[in-house]
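Below you'll find the structure, written out as structure tokens, and then a few comments.
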Amino acid sequence: MKVHFIGIGGIGLSALARFLNNDGHEVCGSDMKSSPITKELENEGIKVSCPQDASNISDDLDLVIYSAAVTDENPELIESRIKQIKTLSRKEALPIILGDKKNYCVAGAHGKSTTTAILASILNSSALIGAISKDFGSNFRYVNDLVAFEADESDASFLLSNPYCSIVTNAEPEHMEYYNYDENKFFGSYEKFVNMASKRVINAEDKHINRIKFNTENCVKLYPSSDIQNITYVLKDNEPFTKFDLLDLGTFEVWGFGFHIALDASLAILAALNELDIETIRKNLLSYKGIKKRFDVVQANGALVVIDDYAHHPTEISATINSVIEYDKIKKMSKKVVIWQPHKYSRTIDNLEGFKKCFEGCDELVILPIWTIPGEKKVEIDFEKEFKKYNPIFAHSLQTSEGRVQLINDNKVVKTYEDGLILGVGAGDITYQLRH
């Protein structure tokens, strides 16, 4: 089958393209502009056209798959429909990609990328992740028909992922605009996802999961407060590691800092017991090296440590700051600075009260402009008033070099950090601004 991907440079769609390419299909695609991901795809033998144009749609295509960001006005989507080529959205294409595989599908508002990547390292399996695993340097790996898959609840596409084992880290309401702010619809989708699998592993202490009615047969329930014990944190070459005991299975070590890391790893371990013995799991867990943009130490010396984290929801930011606090107990840095790039007006206003609380523990808070998406309605938010207890610093952008992070306003440097622990959080372009 010859398949064309519109928006192939996206983190999610590129993984699906790679998977089909390795599954023996002929794959090509396009994007608005060239990027590190599109260049990697080309190096793997996938033809990528930039920018998008109707001429990229050839008559011999069997299928066109498009990302959620593609609108009906996209020239390639229009041309595909004129030529009567079958077109599917990303989520509609999942049954074609995952339909005959043994899928371990991880869902949840928080921690699903980490849990999926840990599980892929333990199982040494194929993987489709919405982030870059440092274990294998990609958001994708093709090994066999055993697949660790990050299942997305944001558009209910996890219902099309054909899970053999459903793993749920938590079920905190997120992306509620898709569910028309209807919690019954939201939790009903989770209920379907959990119950369609033959095996289930859940975080039984998540208050939101307790709103889901699920089949308890072949279900492993993790009770983190009692099942995870004796957590300790160590640094190795400035890289964080967490050690913990799980049930009666012994001691495990995993990359990362924080109770939430131990929780994610525990869910992956319990799921992997369907496939492997415990000693193999313990050994393979050491292969996990973290994922890009999740407590990603991008710079470290005696005086300055810079960490990049994708956290863009209050719960995630709070967990990451707790990890920073643990890191600082060992490193004893001069100060803890959080640089926050709010992600989307809708998420910021919907979670404003949570954002106002989640930065507790930092010594300084820097707020960048909201990272939005095309077409999103702008909402006026008085950040100076809402976050006044932090006495925030406002900047337009960052400029980073070796041993230095600078805040920029109107093309002028307004503050320079050469010491301390600097944490950048957000799902926009802050990750690039933090990397010199």
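The values are calculated or read from the model by the stated rules, or taken from the named source; none is laboratory data. In this text the structure is predicted, and so the values were computed from the model without any measurement. Note: ideal-geometry Cβ built from the backbone for every residue, glycine included; neighbour counts use all protein chains shown. Just so you know, the surface numbers come from the protein's heavy atoms only, side chains and all, with ligands and any DNA or RNA stripped out. Shrake-Rupley method; radii C 1.70, N 1.55, O 1.52, S 1.80 Å.
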Would the stretch 32-40 turn up any residue that is open to solvent by less than 70 Å² (accessible area, probe 1.4 Å), under 20 Å from S89 (Cα atoms) and more than 23 Å from the chain's Cα centre (by Cα)?
-> no
Do we have Y288 as among the hydroxyl-bearing types (S, T, Y) and touching a Ser or Thr at 6+ places or on another chain (Cβ under 8 Å) here?
-> yes
Select, from I97, I85, I57, I65, the only residue that is under 22 Å from the mean Cα position of the chain (by Cα), open to solvent by less than 30 Å² (accessible area, probe 1.4 Å) and at pLDDT 95 or above.
-> I65
Do we find a residue being of a type in the set (A, V, I, L, M, F, W, C), open to solvent by 40 Å² or more (accessible area, probe 1.4 Å) and assigned to a loop (DSSP other than H, G, I, E, B) anywhere in the stretch 325-343?
-> no
Report the residue count in the stretch 9-28 for those that are more than 14 Å from L63 (Cα to Cα), surrounded by 16 or more Cβ atoms within 10 Å (Cβ to Cβ) and free of Cβ contacts under 8 Å to residues at least 60 places away in the same chain.
-> 2
If you go through the stretch 290-299 one residue at a time, do you hit one that is basic (K, R), free of Cβ contacts under 8 Å to residues at least 40 places away in the same chain and either surrounded by 15 or more Cβ atoms within 10 Å (Cβ to Cβ) or outside any loop (DSSP other than H, G, I, E, B) (or both)?
-> no
Scanning the stretch 178-211 residue by residue, those in a helix (DSSP H, G or I) and touching a Cys at 6+ places or on another chain (Cβ under 9 Å) turn out to be F193, V194
Residue count for the stretch 411-436, restricted to those that are hydroxyl-bearing (S, T, Y), in a strand (DSSP E or B) and surrounded by 14 or more Cβ atoms within 10 Å (Cβ to Cβ) = 1
From the set of residues in the stretch 41-51 that are under 25 Å from L146 (Cβ atoms) and open to solvent by 30 Å² or more (accessible area, probe 1.4 Å), which is nearest to the chain's Cα centre (by Cα)?
-> E44
Given the residues E353, E316, which is the only one that is assigned to a helix (DSSP H, G or I), among the acidic types (D, E) and exposed (fewer than 15 other Cβ atoms within 10 Å of the Cβ)?
-> E353
